[in-house]
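The values are calculated or read from the model by the stated rules, or taken from the named source; none is laboratory data. Quick caveat, the model's predicted, so the values are computed rather than measured. Cβ placement follows ideal geometry from the backbone for every residue including glycine, while neighbour counts extend to all protein chains displayed. Remember, those area values only see protein heavy atoms, side chains included, never the ligands or the DNA or RNA. Shrake-Rupley method; radii C 1.70, N 1.55, O 1.52, S 1.80 Å.
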Amino acid sequence: MSKKIVVSRDVVFEEDKCWNWGKSNEEVRLDVLEWGDSNEEGSEDEQGEDDAEEGVAVEGREREDSLSSSESLGSLSESLGENSEVSGESSPNSQQGRNRRVPFWMEDYVSRGEFSEGDVEHNLVLFTSTVDPTTFEEAVQSSKWRAAMDLEIEAIERNGTWELTDLPEGVKKIGVKWVFKTKLNENGKVDKCKARLVAKGYAQQHGIDYTEVFAPVARWDTIRMVIALAARNGWSVYQLDVKSAFLHGELNEAVFIEQPQGYEKKGEEHKVYKLKKALYGLKQAPRAWYSRIEAYFIKEGFERCSCDHTLFIKTGDGGKILIVSLYVDDLIFTGNDESMFVKFKNSMKLEFDMTDLGKMKYFLGVEVLQNSEGIYISQRKYAKKVLERFMASPTEMHLQATKRVLSDYAGDVDDRKSTSGYVFLLSEEVVAWSSKKQPVVTLSTTEAEFVAAASCACQGVWMRRVLEKLGHSQGKCTTVLCDNCSTIKLSKNLVMHGRSKHIDVRFHFLRDLTREGVVELTHCGTQEQVADIMTKPLKLDVFLKLRELLGVSVVPRVN
């Protein structure tokens, strides 16, 4: 092929001629090859003719790509070594013996040898074996999924989740379905097969079978602060998992569900279950579970953090402390007293069906390594998964493009909004960061920096309050490093009122914090501004320097 792309609007439509349907497939294939090869050399007149023919070739390709679905199935059968003709074909030219050329979008792929029919079937088996079933009919064919469903029903009944009854007149029942998921560990290996009975919550009606639905979840900023404190003090972080957590939530509304498929009571198939406790899929299930676990923590002497309702702290004599961070049914805990750990775990196991996962290793998709040097967190597995979906054939150019997806002042060419970026360090390690488009269009770099600083200050105030609950009060002001002198002046006084009077009043909250001594903006050199890595495309040497200042390092290998 010529490997040339020719763009031309000078296409000649020969309306007095028609496509020769009598040509054999081999003749058509040769015609296409000749159209491409004729561009290799020739006069300008020949080049013009080639341009027109190139347009015809594209049209022919579009015809080929728009074949019927039955013909596509026929070609698939041929590729698998099946000679039988697909039924339903009414074309005068038989599909049998057709030699189809490889689609253009597969020309860049080279297979390592041809597969026999057995090889194809073998590879198909390997592929489908890793796919979770989507229906009960699929799952019931496998012993491992049948066992998983049995465990789910046992847990529901052991917990006293429901009772069999007749459906009251005028009340609608809610459907249920089975959901299947293969759980993987931090190494990407199969951990367990989980079957979950889920209610079809979309059928619920507000005010009838549910009211409030909000339930808080832990912020990663909080989790990283807890990990940073543990690393600083040489504490270990442990992890617990509540089995079927939502089943522990108490319901205040009358909710009726149908009997689960495969587990109908013989002779009572017409009856329904009235829920006494929550079920996964119900709109109020997360709130019911949180109310249940919160009541338990309060009963056990924990104090809930007012700034993060999923953070609970328990203190004892002699400076003893136990810190628990909750994320739905997963929780981590740390502290400075082993006896408090043992008592806490035993109490939790009596109250709920628990799994003790030992030291924190894998939490919400983040891998955690704890050793004598400190605590390392990474998302290597997640990053690899993203890269696998990134492109078919990534190159160095694509890698460079991904490094420059962030923008600086008025960097978004669509709406001209700037990007705010900040980085917070605790014990010289990064625990919170942000790279977010600003909510307003700014008219200068000073205003853009001022809006970013105000966002940073709000985060700083919240973190100060959380750390205070964790026993680390900050008497002095929080220092915010800024590389824009005008922004620093604007945060302290009104000397630049002419340039700032249009700024939204909510961003002037920064001035109040500065005046009260909560935060203080201090100038730093542009080359030392760590937050630049969140907002600007950087040169390689600057990027590497700032990355090191963030505390990014290579996770040591574990033998």
Q. Within the range 286-319, can you find the residues that are among the aliphatic types (A, V, I, L, M) and in contact with a strand residue (DSSP E or B) (Cβ under 8 Å, 6 or more places away or on another chain)?
A. 288, 293, 298, 311, 313
Q) Which residue out of 245, 199, 218 is more than 20 Å from residue 150 (Cβ to Cβ) and buried (at least 16 other Cβ atoms within 10 Å of the Cβ)? A) 218
Q) Looking at residue 181, is it under 27 Å from residue 380 (Cα atoms), among the charged types (D, E, K, R), at pLDDT 90 or above and open to solvent by 80 Å² or more (accessible area, probe 1.4 Å)? A) yes
Q) Which one is farthest from residue 512 (Cα to Cα) among residues in the range 426-457 that are without any contact (Cβ under 8 Å) to a residue 24 or more places away in the chain and open to solvent by 30 Å² or more (accessible area, probe 1.4 Å)? A) 436
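Residue-wise test of (1) farther than 26 Å from residue 347 by Cα; (2) assigned to a strand (DSSP E or B); (3) at pLDDT 85 or above; (4) not basic (Lys, Arg).
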position: 188; (1), (2), (3), (4): yes, no, no, yes
position: 195; (1), (2), (3), (4): yes, yes, yes, yes
position: 198; (1), (2), (3), (4): yes, yes, yes, yes
position: 208; (1), (2), (3), (4): yes, no, no, yes
position: 214; (1), (2), (3), (4): yes, no, no, yes
position: 217; (1), (2), (3), (4): no, no, no, yes
position: 226; (1), (2), (3), (4): no, no, yes, yes
position: 230; (1), (2), (3), (4): no, no, yes, yes
position: 239; (1), (2), (3), (4): no, yes, yes, yes
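So that you can scan it fast, the table gives a plain yes or no per residue for (1) in contact with an Asp or Glu (Cβ under 9 Å, 6 or more places away or on another chain); (2) of a type in the set (Val, Ile, Thr); (3) at pLDDT 90 or above:
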site: 252; (1), (2), (3): no, no, no
site: 256; (1), (2), (3): yes, no, yes
site: 275; (1), (2), (3): yes, no, yes
site: 295; (1), (2), (3): no, no, yes
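Quick grid of which residues meet (1) touching a Lys or Arg at 6+ places or on another chain (Cβ under 6 Å); (2) aliphatic (A, V, I, L, M):
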residue: 215; (1), (2): yes, yes
residue: 222; (1), (2): no, no
residue: 244; (1), (2): no, no
residue: 254; (1), (2): no, yes
residue: 262; (1), (2): no, no
residue: 272; (1), (2): yes, yes
residue: 281; (1), (2): no, no
**Q.** Single residue of the range 204-215 satisfying the filter (over 24 Å from the mean Cα position of the chain (by Cα) and loosely packed, with under 14 Cβ neighbours inside 10 Å) that is farthest from residue 258 (Cα to Cα)
**A.** 212
(Q) Suppose the filter is at pLDDT below 90, open to solvent by 10 Å² or more (accessible area, probe 1.4 Å) and in contact with a strand residue (DSSP E or B) (Cβ under 7 Å, 6 or more places away or on another chain); does residue 265 pass it? (A) no
Q: Scan the range 146-176 residue by residue and report those that are open to solvent by 60 Å² or more (accessible area, probe 1.4 Å), within 27 Å of residue 354 (Cβ to Cβ) and not in a helix (DSSP H, G or I).
A: 163
Q) Out of the range 293-310, which residues are open to solvent by 50 Å² or more (accessible area, probe 1.4 Å), closer than 19 Å to residue 222 by Cα and more than 26 Å from the chain's Cα centre (by Cα)? A) 303, 304, 306
Q: Please go through the range 324-381 and pick out each residue that is among the hydrophobic types (A, V, I, L, M, F, W, C), open to solvent by 60 Å² or more (accessible area, probe 1.4 Å) and assigned to a strand (DSSP E or B).
A: 357, 377
Q: Consider residue 290 carefully, then state whether it is assigned to a strand (DSSP E or B), in contact (Cβ under 8 Å) with a residue 40 or more places away in the chain, open to solvent by less than 70 Å² (accessible area, probe 1.4 Å) and of a type in the set (Phe, Trp, Tyr).
A: no
Q.
Residue under question is residue 468, and the condition is that it be in a helix (DSSP H, G or I) and under 19 Å from residue 507 (Cβ atoms); does it hold?
A. no
Q. Quick one: would you say residue 494 is out of contact with any Gly (no Cβ under 8 Å at 6 or more places or on another chain) and modelled with pLDDT of 85 or more?
A. no
(Q) Yes or no: the range 238-252 includes at least one residue that is in contact (Cβ under 8 Å) with a residue 40 or more places away in the chain and closer than 18 Å to residue 369 by Cβ. (A) yes
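Look through the range 464-492, keep the residues that are closer than 30 Å to residue 325 by Cβ and charged (D, E, K, R), and return whichever of them is least open to solvent (accessible area, probe 1.4 Å). Steps first, answer last, please.
First, the residues of the range 464-492 that are closer than 30 Å to residue 325 by Cβ: 464-481.
From the residues that got through so far, the ones that are charged (D, E, K, R) too are 464-465, 468-469, 476.
Working: 464: 50, 465: 135, 468: 112, 469: 74, 476: 163 Å².
For the range 464-492, the residue satisfying everything is 464.
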Q) residue 267 versus (1) outside any helix (DSSP H, G or I); (2) in contact (Cβ under 8 Å) with a residue 24 or more places away in the chain: which is the lone unmet condition? A) (2)
